[in-house]
Amino acid sequence: QVQFVESGGGLVQAGGTLQLSCAASGFTLENYAVGWFRQAAGKEREGVAWISSHDGTTFYEDAVKGRFTISKDNAKNTAYLRMTQLRPADTAVYYCARVIVTRSDYGHVVGSRGTDYWGTGTLVTLSA
């Protein structure tokens with residue numbers, strides 16, 4: 001059974017730093033891309049960042065570029081999102097999900113289209 005369990009959320013001051021963890025089970029991160037998404041109250045869910053399984057390709061949404069870093073530890077089958085310079089607009093429930101990637105004819109990751117499995121989320125709340 002494919003499963004993600006997010007952790008690390010909480011209350012943090014604006015300008016602060018927080019690291020989220022996503023423990024995967026039922027599959028290996030060596031074979032699938034994984035991403036972080038978030039949904040703020042009253043807003044649509046949006047992609048935050050993702051990382052490919054093999055070639056290291058990463059994606060960052062413009063609002064977090066330069067502030068957030070996605071990484072993974074294959075030995076622990078866990079993905080991470082390190083968030084710095086946090087702002088009140090970053091307040092949201094953060095979700096981990098398996099990402100379906102698109103590839104070139106030679107196997108290079110060129111983008112993504114959708115997800116299949118999701119965790120239940122962890123809440124990040126910014127205090128100004």
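Taking region 67-84 as the search range and keeping residues that are assigned to a strand (DSSP E or B) and of a type in the set (D, E, K, R), which one is nearest to V34 (Cα to Cα)?
K72
For region 51-69, give me each residue that is of a type in the set (G, A, S), modelled with pLDDT under 95 and either in contact with a helix residue (DSSP H, G or I) (Cβ under 6 Å, 6 or more places away or on another chain) or surrounded by fewer than 15 Cβ atoms within 10 Å (Cβ to Cβ) (or both).
Answer for region 51-69, where residues must be of a type in the set (G, A, S), modelled with pLDDT under 95 and either in contact with a helix residue (DSSP H, G or I) (Cβ under 6 Å, 6 or more places away or on another chain) or surrounded by fewer than 15 Cβ atoms within 10 Å (Cβ to Cβ) (or both): just G56.
Could you tell me which residue of region 9-50 is farthest from N74 (Cα to Cα), considering only residues that are basic (K, R) and open to solvent by 30 Å² or more (accessible area, probe 1.4 Å)?
It comes out as K43.
Kindly list, by first and then second residue, each pair from a residue in region 6-35 that is closer than 17 Å to D116 by Cβ to a residue that is among the aromatic types (F, W, Y) and outside any loop (DSSP other than H, G, I, E, B), limited to pairs with Cβ atoms under 7 Å and residues at least 6 apart or on different chains.
Listed by first residue and then by second, the contacts come to E6/Y94; E6/Y95; C22/F4; A24/F4; A33/W50; V34/W50; G35/W50.
Any chance region 71-87 includes a residue that's open to solvent by less than 50 Å² (accessible area, probe 1.4 Å), touching a Ser or Thr at 6+ places or on another chain (Cβ under 7 Å) and without any contact (Cβ under 8 Å) to a residue 24 or more places away in the chain?
Within region 71-87, none of the residues are open to solvent by less than 50 Å² (accessible area, probe 1.4 Å), touching a Ser or Thr at 6+ places or on another chain (Cβ under 7 Å) and without any contact (Cβ under 8 Å) to a residue 24 or more places away in the chain.
Regarding region 97-109, can at least one residue be identified that is touching an Asp or Glu at 6+ places or on another chain (Cβ under 7 Å), open to solvent by less than 40 Å² (accessible area, probe 1.4 Å), farther than 18 Å from E30 by Cβ and part of a strand (DSSP E or B)?
no
The values are calculated or read from the model by the stated rules, or taken from the named source; none is laboratory data. These figures come from a predicted structure and were not determined experimentally. Don't worry about glycine lacking a Cβ; one is built from the backbone with ideal geometry, like all the others, and counts go over all protein chains shown. Each accessible area value is taken on the protein alone, full model and side chains, heavy atoms only, with ligands, DNA and RNA left out. Shrake-Rupley method; radii C 1.70, N 1.55, O 1.52, S 1.80 Å.
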